[in-house]
Amino acid sequence: MEKSRIIVSIILMIIGLFFFFNNKNIGKGAYMFYKWFYTKNNLTIMFKFLGVFLVIAGIILLYTK
């Protein structure tokens, strides 16, 4: 195996273990963040930006090989 692949796999395992053992604290923090961030107004703005991004990405993919 390549050294870079081994390093990336070790980093992913460490992140996975962090999420596995710290899931209750992450869940509480994520819930509070989503409750604040995902309001009706913010979601409409995010979906507009996402729509524009997808249209531009589609146009770029059409004209590039």
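What length, rounded to one decimal in nm, is gained on full extension from LYS28 through to ALA57, with 0.36 nm per residue of separation minus their alpha-carbon distance?
Extra length from LYS28 to ALA57 when fully extended: 7.0 nm.
The chain: percent of C-alpha pairs farther apart than 13 Å?
77
Could you check the simple spin-label distance between PHE47 and ILE14, using points 7 Å along Cα→Cβ, in nm with one decimal?
3.9
Could you count how many Lys pairs in the chain have their Cα atoms under 23 Å apart, skipping same-chain pairs fewer than 8 positions apart?
Eligible lysine pairs with Cα atoms under 23 Å apart amount to 4.
Using each residue's phi in the range 36-50, evaluate 6.51 cos²θ - 1.76 cosθ + 1.60 at θ = phi - 60° and report the 3J(HN,Hα) Karplus result to the nearest Hz, with x for Gly and Pro.
In residue order, the calculated couplings are 7, 7, 8, 8, 4, 5, 5, 5, 5, 5, 4, 5, 5, 4, 5 Hz.
None of the figures in this text is laboratory data; all of them are computed from the coordinates on show. As the structure is a prediction and not an experimental result, all values here were calculated from the model. Don't worry about glycine lacking a Cβ; one is built from the backbone with ideal geometry, like all the others, and counts go over all protein chains shown.
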